Structure formats: structure tokens, C-alpha cells
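To start, the structure under review is shown below, and the notes come after it.
The values are calculated or read from the model by the stated rules, or taken from the named source; none is laboratory data. Everything numeric here is computed off the predicted structure, so don't read it as measured data. No Cβ is skipped: glycine too gets one built from the backbone with ideal geometry, and neighbour counts run over all protein chains shown. What goes into the accessible areas is simple: the full protein's heavy atoms, side chains included, and nothing from ligands, DNA or RNA. Shrake-Rupley method; radii C 1.70, N 1.55, O 1.52, S 1.80 Å.
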Amino acid sequence: MTYKERMLKAARGEMPDLLPYIPRIDLWHAANFRAGTLPAQHRGRTAYEISRAEGWGLMTASVDFTYQFSPDALLHRALGTYALKEQVFKFVFSPRVDIRVKEEGDRTFVEYHTPKGMVRTCKVYSEEMRRGGVSIHWVEDHLIKKPEDYRVAACLFENIDLVPHYDSFLRWEKEVGEDGLCAAWLAGAASPMHHIQKYFLDATEFFFHYHDHQREMRALAEAMAPLYEKALKIIAESPALAVNWGGNYDEVITYPPYFEKELLPWIQKASAAMEAKGKLVFCHCDGENQGLLDLIRDSGMHVAESVCPYPMTKVKVEDYYRHWADRLTIMGGVPSNMLLPSSAGEEEFLAYLDNLFRAIAPGKRFILGVADTTPRDAEFSRLVRIGEIVQARGRLPLEGGAARPFTEAALRQAAARVTPQAETEELFKTVQDAVLNGEEKEIQTHIGELIRKGVEAKSILQKGLIAAMEIIGPRFKAGEVFIPEVLLSSRAMNEGLKILEPHLSEDEKKKEGKIILGTVKGDLHDIGKNLVAMMLRGIGFEVVDLGINVPAEEFVKQVREQNADILGLSALLTTTMPEMKKIIQTLDQRGLRKKVKIMVGGAPVNQRFAQEIGADGYGHDAVAAVELAKGLMGVH
Ligand code: B1M
């Protein structure tokens, strides 16, 4: 059986002969090829050649930005209108749109002059990013900057057409042959609204606009919908047997009610359209999926691709299999940190595989791979070892026995909900409610009223504002409220503080402590870090946010100058985690280590790593980060 046949069978819920093993190695390859550090036996080879030489399938189910035919494939990155080999159409701009492009070093500025005005974007792709194994270009200046931009963006999209174009897809399919299943791609978003979220606004800003400018946003989504409809028709009629429809779903970013309202109908629509033509729908489910398990399972998609289980995320591989495998095929299963000796020792790696092979028996609806992708510093021999184990033990049906039992205790834990006690005086209820409901305007009135009544500013701060933030944290952790609520509450809290501040004495204004916060060098993920910053501010810390991609020297400089109590480091990539160690070492060498407490966090970071690098603490999520910061300050 060929890899293509195995994938088709696995995706359709039939039993292939062997567990398909298709590790994604594009970024690992690009970084090591550049650095001249590919394994000796593979020097000079392409990623496809290496996979073939090792007997693995080719990862062609998800987009590979590192390998494209068109030099301008990513020019319109900030619009999400690429020109990729994975596409079976071309985006065609009408002559009514005048496009002006300017390159400056690593930056590409693009202006779109439409009949209704101009919008502009800027993307960055640096040598450092290439070397680090990053394929996604960073959008530095987003399309939507102010509410008026929505109208222009809508006009822009009304002036973009899609025309069928199979040439590059067919060329790619020919190159892949029977060694993989080539999936077509639209833009990596599941729906027009998801497209707006992923491309047009900064990740945090999106949630504010989603609340404040819902009408304008929806009008833009409606203006984009015909393109999405047309893409579906073209893909359905095209030679592609599968489509990868949207991705980066995550229980925080695409939180359940939002997913259900804005993404699900389009995934269902895509699945129905493809199914009518005997085609398959893959979705790139590389995020934290715990809160989305049912929604994804029932969405109609055929394959959840890039599934990244515990210990990188909350859901264990056995729980995925138990929950999904009766109707949804899982692709992925090996979290990328299992390939890094610095994150997982040899024993842990082997134990993980051992468990995986037991957990996914009989092996139906499973395509084994690395989720999301093999990191630059991965131990190549581990990828090879997985391939050998598949050859030795991967005949289907697997003989591993039943999946590990799902313990009652784990079920109870997952269902546990924190019920916060809002035991506060009635007097402060209006302020608390305004924070909890994210009412940034009303809060000013409520605080004004209390001040006029002669209520102490300090009490309003502690029993109104801070007490409300202490309620929202556990609610977020318990899954009772989602990221927009937290962000809107933090915004309301800050508005309230502005009114209160002139009435607080210098002593009362004193913050819980001062924290320097940033995402380390080479890393552009900032959603989690921003959330941590907002919650720390909400609870009374002064936060100096240095942003993303912050070099060690900058952290050191800030520690020297800011007189802060805590340094907070965030990293979302296994390849950038070592930066944290470097920063701590540099602080040590400069005699500054004792000046601050250091806390670290981010999806791949854990307590063990924090201890190893000499940090003072690790925060699993934003709520834990706040608790940790209070603990480090000696406040409980
Ligand atoms: Co990226 N990405 N990404 N990505 N991305 C991950 C991180 C990944 C784990 C996906 C996966 O494998 N399943 C994977 C890393 C794998 C690895 O390193 N082994 C990955 C990859 C590979 C990449 C690229 C390399 C992909 C590429 O180029 N093809 C690239 C790298 C770019 C770069 O940084 N140089 C890339 C790019 C992107 C996007 C731009 C598309 C986008 C980021 C948008 C943005 O941040 N503005 C993105 C996204 C969205 C993700 C996932 C899907 C979601 C991350 C997120 O925002 N989660 C992510 C999957 C995952 O994490 N499982 C993934 C929501 C957020 C609230 O949670 O950030 O974990 P989180 O923050 C939490 C806690 O971690 C903690 O509190 C936060 C709030 O509760 N926390 C702290 C965070 N910082 C803390 C600091 C503290 C304490 C707690 O103290 C100081």
C-alpha cells in the first residue's frame, strides 16, 4: 500500500496495512540545511528526499511555506491572499486596486489604494527567522488600524476575484506521487471572521474590536464571504482529493462559543461541499483543544491534523483517541518536545511512544506524525526510531490492547469548576460588576458616585477593582469565561484606575510590585504574554512590557535600569526556550541576578525546565502567573 492510499484509508475510517508515519520536517530541514547541520547521510538533500530515504510519507497535508514555486508566494501575507503551490486558484486583484510595494531590508511594505481609500501593511522576514526555522512571515503593521479601515478593506476584498488555476498544484502533486496526499489550501482560516482575526488585526486588538466594532467587522466578513464560497466551489471541482480548511484552533484564541458561532458553520459547510464530491477536509488543530473537543469532533471535518497532545498541551493522546476516533481521524500525536533531549530524556521519549502505541490500538483513524513540526534542534535519531518502531510494531490492527482507562479522578478533575465567592460589600458591587462586565464607560460613573459619597479611594481599589479581577481569574481558569471577557475586564479596570488615581495617596498608589515582561528573542508569540501582562496589571502590578523578540541584552539593560522586582520571560517555541537560560546566565555574569526574581512561562516551558535554568518560578497560565508573582513578592 502506498502512503497516499494509507492516508486515504485512515482519513475515511478504514484500516490501512500499516500505521502511516508522516513526520513534518520542513522547518527542521530549512534551518539545518541553511546552517549546514543536516545529518551527514542526508547532506544536500531536500526534505522530500530525506523522508523518502527514511521510508516515511511526505507531509503534504498542511501548507509548507518553506517550499514554494512562486517568488512572490507570500507577498500578500498580511491579507492572507497567498500564491502557493497548495492552491488550486489564483487571487486576482481588479485594476481598480493600485498596489504599491516597497522593500526595506527585512521589511516589505504594501499599500492597497482602493476606490474607497488606502490601507497598508508591513511584514517582516529576517535572516534570523530563516535560521531559526520559522516559515511564517511576521505581520508588523496590520491591515486594520482604525474602525474606518473596515470599509476600505471590504472594498479591497470586493475587488479580488478567484480564478481556477491548477498548474502549480498539479506540478506539486506529480512531484509527490504516491508518497503523500496533497491537500489544497485557502488561507488557513476557517471562515471570513476567522480570516479577519488571523490576518487583519493584532491578536489582542482583535478581541477589543470584536466587542467594540462588531458591526464594521461583520460587514467586512460579509464582503469576504463570496470569495470563501467561490474558493469552496473551485476546490470541490478541482483535482485535489483533500483540502486543509483553517487552523490554529485553540481553546483560548478561538474559545468555544466563538468557535461555535464564527468558525463551525463554515467548517460544516466545507465538509458538506467536499463530501458531496468524495473529498476530505483536514483542519490544522495544533492548539490547545481541551475546550473544543466536542465541537471539533462534531464539525464534520475528516482529519484533525497536527494534533499536539500532552505534555505540550492538556489533552493526553489516549483521551484524544477515546474522544474522537469513532468519527474523526487524528494526524500528529507526537508532541515536538518529545524530540528534544533538553525537554524529554530518552526514557521519557520511549515511555511516550510505548503509551501511544497502547493508547491508539487498534490504530484505526490515526496518522502518526510530529505536532506541529520537527523543531530545529530535534534529535534526528528519534524521528528515525519512531519510523523503526512503526515498521516493527505498526501493522494494523495494532496489538497494543485497549487504550489506557480514563480514570474517574481525571474526569472529575476536568469537570471541576471553581465557584468563586464574591463576598464583598454591596457598596462596591456596581464597580465590581462594571469590571466583570467589561463596562469601561460605566465604571467611571460608578467610581465617581462612590467618591462623591465619600468612600475611601483605597477601599474602592481593593474591594471594587482588585476584588473583581480576583474573581475573573479563577473563572477564566475554570473555563466559565473566555479571553475577551478577561481582556475587557482588564480594560475596564484600567479605566477605573484612571479615575481613582488622583484620589489615592502616594502610599496607596504603591503597586504590588514592578515586573519587566517580554517574549524572548526569536519568538514572536505574544497572545499569552499579553494576557499575563493584563492580569498582572489588573491585580495591581506595574508592568513594563518589552514586547516580542527581545534580545538578552535588552532584558539585562532593563533589569539594570528599571529597579524592578520581577523579570518575566515568555517563550512558546522549544527553539527559543534556551534564550531564557542565556538571559539568566548573562544576568549572573553581570552581577545582576540577585536584583530580580525571575519567572518563566509559555506552552513548552515546565517546572523542571524552570528549575534547571535557575528561574525562581514557573507559571502554567495567566492565573498561575499572577499567583506566582504575588508569591515572589511575599503577598498572598
Ligand atoms: Co505558533 N507554534 N508558530 N503561531 N502557535 C505554537 C507555539 C506550537 C506549540 C504549535 C504546535 O506545535 N502545536 C509550535 C511550537 C512548537 C515547538 O516549539 N516545539 C508553533 C510553531 C512551530 C510556530 C512557527 C515556528 C510556525 C511556522 O513558522 N510555520 C511560527 C514561529 C514564529 C516565531 O515565533 N518565531 C509560529 C507562528 C504562529 C502564529 C504567528 C501563526 C501565531 C502567533 C500569533 C501571536 O502570538 N501573535 C501562532 C499560534 C497562535 C500558535 C498556537 C496555536 C497558540 C499559541 C497561543 O497564543 N495560545 C500554539 C499552539 C500551542 O500553544 N499549543 C503555537 C493562547 C495563549 C493564551 O496561550 O501562549 O500558551 P499561551 O500562554 C499562556 C501560558 O503559556 C502562560 O500564560 C498564558 C495565558 O494563560 N504563559 C506564561 C505564557 N507566557 C507566560 C509567561 C509567564 C507565565 C506564564 O511568566 C513570565
**OP:** Quick one: Pro23 ticks every box in (1) modelled with pLDDT of 95 or more; (2) assigned to a loop (DSSP other than H, G, I, E, B); (3) out of contact with any Leu (no Cβ under 6 Å at 6 or more places or on another chain) except a single one, so which number is it?
**Re:** (3)
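Looking only at the range 625-636, count how many residues are at pLDDT 90 or above and either near the ligand (Cβ under 10 Å from one of its atoms) or out of contact with any helix residue (DSSP H, G or I) (no Cβ under 9 Å at 6 or more places or on another chain) (or both). Steps first, please.
First, pick out the residues of the range 625-636 that are at pLDDT 90 or above: 625-633.
In the following step, the residues that additionally are either near the ligand (Cβ under 10 Å from one of its atoms) or out of contact with any helix residue (DSSP H, G or I) (no Cβ under 9 Å at 6 or more places or on another chain) (or both) were identified as 625-626, 628-633.
Qualifying residue count for the region: 8.
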**OP:** Filter the range 615-624 down to residues that are out of contact with any Gly (no Cβ under 9 Å at 6 or more places or on another chain) and within 10 Å of the ligand (Cβ to nearest atom), then give me how many there are.
**Re:** 1
**OP:** Filter the range 330-375 for residues that are over 14 Å from Leu396 (Cα atoms) and among the β-branched types (Val, Ile, Thr) and give the result.
**Re:** Ile330, Val334, Val370, Thr373, Thr374
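Go through the range 39-70 and give me each residue that's under 18 Å from Arg131 (Cα atoms), surrounded by 20 or more Cβ atoms within 10 Å (Cβ to Cβ) and among the polar types (S, T, N, Q). Working first, answer last.
The first filter runs over the range 39-70 and keeps only residues under 18 Å from Arg131 (Cα atoms), leaving 39, 43-47, 64-68.
Narrowing further to those that are surrounded by 20 or more Cβ atoms within 10 Å (Cβ to Cβ): 47, 64.
Across the range 39-70, there are no qualifying residues.
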Original post:
Only one of (1) farther than 17 Å from Leu536 by Cα; (2) in contact (Cβ under 8 Å) with a residue 12 or more places away in the chain fails for Arg452. Which number is that?
Top reply: (2)
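Could you grab me the full set of residues in the range 76-118 that are in contact (Cβ under 8 Å) with a residue 60 or more places away in the chain and farther than 29 Å from Arg171 by Cβ?
Taking the range 76-118 as the starting set, the residues that turn out to be in contact (Cβ under 8 Å) with a residue 60 or more places away in the chain are 77-82, 84-94, 96-97.
Across the range 76-118, the qualifying residue is only Arg96.
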Original post:
Would it be correct to say that Leu592 is touching a Phe, Trp or Tyr at 6+ places or on another chain (Cβ under 8 Å) and at pLDDT 95 or above?
Top reply: no
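Taking Gly36, is it exposed (fewer than 15 other Cβ atoms within 10 Å of the Cβ) and in contact (Cβ under 8 Å) with a residue 60 or more places away in the chain? Break it down into steps so the answer makes sense when it comes.
Values: exposed (fewer than 15 other Cβ atoms within 10 Å of the Cβ): yes; in contact (Cβ under 8 Å) with a residue 60 or more places away in the chain: no.
Taking the combined requirement at face value, the residue does not satisfy it.
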Subject >> Of all residues making up the range 563-579, the number that are away from the ligand (no atom under 14 Å from the Cβ) and either in a strand (DSSP E or B) or in contact with a strand residue (DSSP E or B) (Cβ under 6 Å, 6 or more places away or on another chain) (or both) >> reply: 0
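Which of the residues spanning the range 308-335 are within 16 Å of the ligand (Cβ to nearest atom) and of a type in the set (A, V, I, L, M)? Quick ask: steps written out before the conclusion?
Start the filter on the range 308-335 by keeping residues that are within 16 Å of the ligand (Cβ to nearest atom), which leaves 308-317, 319-320, 330-335.
Passing the criteria: Met312, Val315, Val317, Ile330, Met331, Val334.
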Original post:
Across the range 600-614, which residue is nearest to the ligand (Cβ to nearest atom) among those that are free of Cβ contacts under 8 Å to residues at least 40 places away in the same chain and either surrounded by 18 or more Cβ atoms within 10 Å (Cβ to Cβ) or closer than 17 Å to Ile516 by Cα (or both)?
Top reply: Val600
Original post:
Just one of Ile516, Ile499 is within 11 Å of the ligand (Cβ to nearest atom) and over 22 Å from Ile253 (Cα atoms); which is it?
Top reply: Ile516
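Kindly provide the set of residues from the range 209-220 that are more than 16 Å from the ligand (Cβ to nearest atom) and surrounded by 20 or more Cβ atoms within 10 Å (Cβ to Cβ), ordered by number.
First, the residues of the range 209-220 that are more than 16 Å from the ligand (Cβ to nearest atom): 211-220.
Of everything in the range 209-220, those that are more than 16 Å from the ligand (Cβ to nearest atom) and surrounded by 20 or more Cβ atoms within 10 Å (Cβ to Cβ) turn out to be Met217, Leu220.
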Subject >> Hits in the range 171-185 (condition: under 16 Å from Met274 (Cβ atoms) and open to solvent by 10 Å² or more (accessible area, probe 1.4 Å)) >> reply: Trp185
**OP:** Could you list, in sequence order, all residues of the range 545-588 that are crowded, with 20+ Cβ neighbours inside 10 Å and of a type in the set (Ser, Thr, Tyr)?
**Re:** Ser570, Thr574, Thr575, Thr576
Original post:
Is there a residue being acidic (Asp, Glu) and at pLDDT 95 or above anywhere in the range 56-69?
Top reply: no
**OP:** Would you please name the residue that is farthest from the ligand (Cβ to nearest atom), looking only at residues in the range 221-257 that are surrounded by fewer than 22 Cβ atoms within 10 Å (Cβ to Cβ) and β-branched (Val, Ile, Thr)?
**Re:** Ile234
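So which residues in the range 35-85 are among the basic types (Lys, Arg) and either over 25 Å from Ala240 (Cβ atoms) or in contact with a His (Cβ under 7 Å, 6 or more places away or on another chain) (or both), if there are any at all? If you could, list the steps in order and put the result at the bottom.
We begin by selecting, within the range 35-85, every residue among the basic types (Lys, Arg); these are 43, 45, 52, 77, 85.
Of everything in the range 35-85, those that are among the basic types (Lys, Arg) and either over 25 Å from Ala240 (Cβ atoms) or in contact with a His (Cβ under 7 Å, 6 or more places away or on another chain) (or both) turn out to be Arg43, Arg45, Arg77.
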Original post:
For Glu512, all conditions in the list (1) within 30 Å of the chain's Cα centre (by Cα); (2) closer than 30 Å to Lys582 by Cβ hold save one; what is the number of the exception?
Top reply: (1)
Subject >> Residue check, Glu542 at negative phi and away from the ligand (no atom under 12 Å from the Cβ) >> reply: yes
Original post:
Taking Leu8, is it open to solvent by less than 40 Å² (accessible area, probe 1.4 Å) and in a loop (DSSP other than H, G, I, E, B)?
Top reply: no
Original post:
Is one or more of the residues making up the range 351-358 over 22 Å from the mean Cα position of the chain (by Cα) and among the small types (Gly, Ala, Ser)?
Top reply: yes
Original post:
If you check Arg560, Arg537, which single one turns out to be in a helix (DSSP H, G or I) and modelled with pLDDT under 90?
Top reply: Arg537
Original post:
Restricting to strands (runs of 3 or more DSSP E) lying wholly in the range 91-170: which have 1 or more residues that are within 16 Å of the ligand (Cβ to nearest atom) and closer than 22 Å to Asn244 by Cα?
Top reply: 138-141
